[in-house]
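Q: The following block contains the structure, expressed as structure tokens.
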Amino acid sequence: MSAVAELVRRHLVVLVLLEHPELDALAAREPKNAEEMFASTAAQEMLEWRRETIAKLRQARSARGGDDAGRSGGERDQQVS
């Protein structure tokens, strides 16, 4: 995560996170055996890691003053292209 935090400080980071309904369903499913328990626990951990990562990225962005902090007008315009 420290590498991502460093990128956020110096660059505009674009992160695309797609919803995965099957992962959500797997995490919510009541396991019936050891194999399903392992799969459900792994899915829950992946979803928790995703939530934590999003929160850390948002916190890092806020700490540096938002999306355009420290950038000139020209730099902001180039971000969109």
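Values quoted throughout were computed directly from the atomic coordinates according to the rules given, and no laboratory measurement underlies them. What you are looking at is a predicted structure, and each value in this text was computed from that prediction instead of being measured. Every residue, glycine among them, receives a Cβ derived from its backbone with ideal geometry; neighbour counts consider all protein chains shown.
Q: With respect to ALA55, is the statement that it is part of a helix (DSSP H, G or I) and surrounded by 11 or more Cβ atoms within 10 Å (Cβ to Cβ) true?
A: So ALA55 does not fit the description; no.
Q: Filter the range 1-52 for residues that are among the β-branched types (Val, Ile, Thr) and outside any helix (DSSP H, G or I) and give the result.
A: VAL13, VAL14, VAL16
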